[in-house]
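What follows is a set of notes on a single structure, which appears directly below.
The values are calculated or read from the model by the stated rules, or taken from the named source; none is laboratory data. Small disclaimer: the values here were computed from a predicted structure and weren't measured. Neighbour counts run over all protein chains shown; Cβ positions are idealised from the backbone, glycine included.
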Amino acid sequence: MEPPHLDGELLKDEASRQAAAVDFGNLVHNVPIGVLRPGSTADVGRILRWMGDEGKQVTPQGERHSVYGRSQVDGGVVVDMSGRKDVHSVERDRIVVDAGAKWSDVLDAALQEGLTPPVLTEYLELSVGGTIVVGGVGGTTWRYGTQSDTVLELEVVTGDGRVITCSPDREPRLFDAMRAGLGQVGIISRATLSLTPAQDSARRYQLIYGDLDTMLADQRVLLREGRWDYLQGAAVPGEAGGWTYLVDGSKLFSGADAPDDDALLAGLSDDRAQAQIGTFPYSDYAYRFAPLEKSLRSNGHWFHPHPWLATFIGDSAAQSVLAAELDLLSMADLGTYGRVLIFPLRTRSIRSPLMRLPAEEVSFAFNLLRFPVTDSEEAANAMVKANRAIYERVRAAGGTLNPVSAFPMSTEEWRTHFGSRWDGLCTAKELYDPKHVLTPGYEVF
């Protein structure tokens, strides 16, 4: 069957198809039959209807930063949204962008008006559409929720090819199924995102700890009192073995009204002699991951497999689970540039229904950012297997999965993951993607 008339182009050459089978994880490689570069939103609907009639599947791609083939499709069509990246308008409290725009595009446009997104991931070269469908966790998530919680309105092309605008008050079922819904019912074509006033500067605090318990205690204090604006943390392999623990965050400010270091650090039990404290322009602070990206690209590690794992652990089990897991990990499990992210969140701040967290007031993100020093397939597969084992132990302790993780999940496991929200997602699937055309990489259905 011939493809429909398109405003853009459907690429079927080998180079385009092979490129669409590679993502940041570099672990799974599914080759599509074609790659759509849409010339309009209507093109997306045309391809979805065509593939549905053909019994084939479709997946959208932005910056291809998935880590386990989640935005790939074997024998179907990839919709490359990276060219759909216009910034349409910036108002005092919102910005309207195409789904292929990167968060760096959003930030740059907002800063020109003295504004900023309230939540930014540490790496800004991710597409807006790509992060909304997985949630998007950043250093201010403890206060504002995920990036999907900052969405005001979405334009969506549903799996059956309809173009629908949705929001909390308009088509709320679709709106809730799109945010952190793993792209199972539609492809985001445009997003309206909230903005807040931007401060000029960031006072950054990087505090060092010799033990896990003390770091967690101080993170709880900072979370409870809301002293800082950004709050994150990590465990990194120590030079003499063991782990060094880091609480990393900032207080934002403008003009000469500099933060009071004594007040912001009062009562904390870090090794103050090792602390790194400095002031940076807000834009530089927001782009703080860029130097590491440049280094990883230059030494080739950026292009190695990345078997990342991201989970959430309830506060009541955090200390015991983290201690046990860190005892099992080493630098070899992470790579020279790898680290274990550990930071607290107020669970109630995360409001996207399909973003699943433990049923406790406070949860901790527990993420393994692995940067292997080689491109060994055998070593990468061993890390994927280890991810599965770690997740099962986290789940047994009441924890949950952040789906931006590298290991396979069955439909039954997704049912367990989504819990009470599973039936609602299934209903949305039948309403908006009845032929099950969309986003097979997660293997949800």
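Miscellaneous remarks
- Counted as qualifying within segment 187-285 are the strands (runs of 3 or more DSSP E) with 3 or more residues that are within 22 Å of Met331 (Cα to Cα), namely 201-209, 230-237, 243-253.
- Condition met for Leu126 (crowded, with 23+ Cβ neighbours inside 10 Å and touching a residue at least 60 places away in the same chain (Cβ under 8 Å)): no
- Assessment of segment 408-422 against the conditions (farther than 20 Å from Pro358 by Cα and of a type in the set (D, E, K, R)) yields no matching residue.
- Among the residues of segment 308-341, those that are assigned to a helix (DSSP H, G or I), under 22 Å from Trp142 (Cα atoms) and of a type in the set (A, V, I, L, M) comprise Ala317, Ala318, Val321, Leu322.
- Of all residues in segment 346-386, those that are part of a loop (DSSP other than H, G, I, E, B) and over 24 Å from Ala317 (Cα atoms) total 6.
- Test: residue in segment 154-176 that is surrounded by fewer than 23 Cβ atoms within 10 Å (Cβ to Cβ), without any contact (Cβ under 8 Å) to a residue 60 or more places away in the chain and of a type in the set (Gly, Ala, Ser): yes
- Matching residues in segment 50-74 - criterion: being in a loop (DSSP other than H, G, I, E, B) and either of a type in the set (D, E, K, R) or at positive phi (or both): Gly55, Lys56, Glu63, Arg64, Gly69, Arg70, Asp74
- Among the residues listed as Phe364, Phe343, Phe312, the single one being buried (at least 18 other Cβ atoms within 10 Å of the Cβ), within 24 Å of Gly241 (Cα to Cα) and of a type in the set (Phe, Trp, Tyr): Phe343
- Of residues in segment 131-146 being out of contact with any strand residue (DSSP E or B) (no Cβ under 8 Å at 6 or more places or on another chain) and in a helix (DSSP H, G or I), the one surrounded by the most Cβ atoms within 10 Å (Cβ to Cβ): Thr131
- Residues satisfying the stated conditions in segment 18-49, i.e. assigned to a loop (DSSP other than H, G, I, E, B) and among the hydroxyl-bearing types (Ser, Thr, Tyr): Ser40
- Residue match in segment 361-374 (condition: at pLDDT 95 or above, within 22 Å of Pro172 (Cβ to Cβ) and assigned by TED's automatic domain parsing to the domain that holds Leu296): no
- Taken across segment 172-179, residues that are closer than 21 Å to Phe445 by Cβ and part of a loop (DSSP other than H, G, I, E, B) do occur, with at least one present.
Residue by residue, here is whether (1) buried (at least 17 other Cβ atoms within 10 Å of the Cβ); (2) assigned by TED's automatic domain parsing to the domain that holds His29; (3) more than 22 Å from Val321 (Cβ to Cβ) holds:
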| site | (1), (2), (3) |
| --- | --- |
| Asn381 | no, no, yes |
| Arg393 | no, no, no |
| Pro408 | no, no, yes |
| Trp422 | no, no, yes |
| Leu431 | no, no, yes |
| Leu438 | yes, no, yes |
| Val444 | yes, no, yes |
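- Hey, Leu264 under 21 Å from the mean Cα position of the chain (by Cα), at pLDDT 95 or above and under 25 Å from Ala202 (Cβ atoms) or not: no
- Scanning segment 223-243 for residues that are touching a residue at least 60 places away in the same chain (Cβ under 8 Å) and surrounded by 15 or more Cβ atoms within 10 Å (Cβ to Cβ) turns up Leu223, Asp229, Tyr230, Leu231, Gln232, Gly233, Ala234, Ala235, Val236, Pro237, Trp243.
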